[in-house]
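Read the structure below first, then the notes.
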């Protein structure tokens, strides 16, 4: 694979902003493997959890940015996430 082809395949991670080829796509937006692992392993009482949720709130779900209704996710007392 040429460097130009590799550059074409790399995408920017929604969470960390790094250029990556590997990861998951949610609504055609990349979350790299490293960030995916960090999100899954972060306890809801850790300050980083809110950071990740704020980043995930930027997902564009099939609508223009002007018409997107914000989703607020809060951790419940037992660690469950409540959607408001």
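The values are calculated or read from the model by the stated rules, or taken from the named source; none is laboratory data. What you are looking at is a predicted structure, and each value in this text was computed from that prediction instead of being measured. All Cβ positions, even for glycine, are placed from backbone atoms using ideal geometry, and neighbour counts span all protein chains on display.
For the range 25-41, which residues satisfy the criterion of being assigned to a strand (DSSP E or B) and over 11 Å from residue 52 (Cβ atoms)? 25, 26, 29, 30, 32, listed by residue number. In the list 69, 45, which residue meets the criterion of being over 19 Å from residue 12 (Cα atoms), modelled with pLDDT of 95 or more and not in a strand (DSSP E or B)? Among 69, 45, only 45 is over 19 Å from residue 12 (Cα atoms), modelled with pLDDT of 95 or more and not in a strand (DSSP E or B).
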